[in-house]
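Below is one structure, written out as structure tokens; comments come after it.
The values are calculated or read from the model by the stated rules, or taken from the named source; none is laboratory data. As the structure is a prediction and not an experimental result, all values here were calculated from the model. Heads up, the Cβs are rebuilt from the backbone with ideal geometry, glycines too, and the neighbour counts pull from every protein chain shown.
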């Protein structure tokens with residue numbers, strides 16, 4: 001599946017190693033997102049997927065439009081940073097709203 005996706009990308013002068021690295025990062029990020037149920041780990045997996053997509057986008061940029069491609073990727077990185085901060089705050093808020101896993105004290109003493 002990765003080989004078919006790599007072959008379908010248009011040819012450019014960039015290194016094939018960068019293109020493979022982007023595809024591997026996208027694959028690992030999607031795999032980790034599907035595997036883990038903890039919200040913070042899923043957020044990190046989503047960031048890894050985004051990093052792989054940014055690498056793939058830079059390999060697709062031709063030599064004539066390098067500045068435009070870099071501008072789009074930098075804008076995407078800024079949006080990804082803000083999205084990660086918002087996601088982390090939402091996860092923190094959800095964790096605060098969840099019931100505590102610790103036993104409640106009885107008569108001022110902790111129950112073992």
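Hey, among 43, 2, 56, 35, which residue is modelled with pLDDT of 90 or more and touching a helix residue (DSSP H, G or I) at 6+ places or on another chain (Cβ under 6 Å)?
Residue meeting the stated conditions: 43.
Please specify each residue of the stretch 59-69 satisfying the condition of being over 20 Å from residue 26 (Cβ atoms) and either modelled with pLDDT of 85 or more or in a helix (DSSP H, G or I) (or both).
Within the stretch 59-69, 66, 67, 68 meet the criteria.
Take the conditions surrounded by 11 or more Cβ atoms within 10 Å (Cβ to Cβ), more than 22 Å from residue 41 (Cβ to Cβ) and either modelled with pLDDT under 85 or in contact with a helix residue (DSSP H, G or I) (Cβ under 8 Å, 6 or more places away or on another chain) (or both) and apply them to residue 77. Does it pass?
no
With the checklist (1) more than 12 Å from the chain's Cα centre (by Cα); (2) assigned to a helix (DSSP H, G or I) in hand, flag the one item residue 87 doesn't pass.
The failed condition is (1).
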